[in-house]
Amino acid sequence: MAVLTDPIADFLTRVKNAGRAHNESFTAPHSKIKAEIARILQEEGYIWSYEVSGEGKDKIITVKSKFTQGGKSLVTDVKRCSRPGRRHYVTSDQIPTVMNGLGISIVSTSQGLMTGAKARKLSIGGELVALVW
């Protein structure tokens, strides 16, 4: 298996590719931040569910994709904003609105991972992880 330099970008790409390939579910190696991203995507209605299985280093996260009645994925695209080589920090008033409110931004704050709307409401800035629409 190849060594990943950005596992979060890999997870977000798997979310996008599963939708484009019309796969009902996909698996990825587990980490706490990936589980939090999956939790946010589930709360916002972009995926049906996620499940963590296994123990220790063999933990994996299984995500069930969500589609419209016409068979289109709810995740149209994903943009990774902050990368390991270039972190992107924003204040609460700099958090972008995605597609005029049709998408979400995911922000890593001192109070954990949350959507941009929630961070704006709490007046908390942080690292802009990704944009999902």
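Within the listed set 103, 19, 70, the residue fluctuating most in the Gaussian network model of the chain (springs between alpha-carbon atoms under 10 angstrom) is 70. Neighbour counts of other Cβ atoms within 10 Å put 6, 93 in the fewest-to-most order 93, 6. Using only alpha-carbon positions in the chain, the gyration tensor eigenvalues give semi-axes of 23, 19, 13 Å once each is multiplied by 5 and square-rooted (largest first). Report summary: the helix-based calculation at 222 nm, which adds -39500 (n - 2.57) for every DSSP H run with n ≥ 4 and divides by the residues of the chain, gives -7000 deg cm²/dmol. 3J(HN,Hα) along the stretch 40-57: 5, 4, 5, 4, 8, x, 8, 9, 6, 7, 9, 9, 9, 9, x, 9, x, 6 Hz, from the Karplus curve 6.51 cos²θ - 1.76 cosθ + 1.60 with θ = phi - 60°, whole Hz, x for Gly and Pro.
Among 102, 12, a tally of other beta-carbon atoms within 10 Å of each Cβ gives an order, fewest to most, of 102, 12.
The GluC sites (Glu not before Pro) of the stretch 19-89 that meet both conditions, a loop assignment by DSSP and at most 16 other Cβ atoms within 10 Å of the site Cβ, are 24, 44, 55.
Each of 22, 30 was scored by other Cβ atoms within 10 Å of its Cβ. Listed from fewest to most, they are 22, 30. Among 34/66; 72/118; 79/118; 16/66; 59/121; 16/59, which pairs are too far apart, with a Cα-Cα distance over 23 Å? Table pairs above 23 Å Cα-Cα are 72/118; 59/121.
In loop segments of the stretch 39-89 as defined by DSSP, the trypsin sites (Lys or Arg not before Pro) with at most 14 further C-beta atoms inside 10 Å of their C-beta are 59, 72, 86, 87.
Projecting label points 7 angstrom from Cα along Cα→Cβ for residue 89 and residue 21 puts them 3.8 nm apart.
Since every read-out is calculated from the coordinates, none of them should be taken as a lab result. Small disclaimer: the values here were computed from a predicted structure and weren't measured. Don't worry about glycine lacking a Cβ; one is built from the backbone with ideal geometry, like all the others, and counts go over all protein chains shown.
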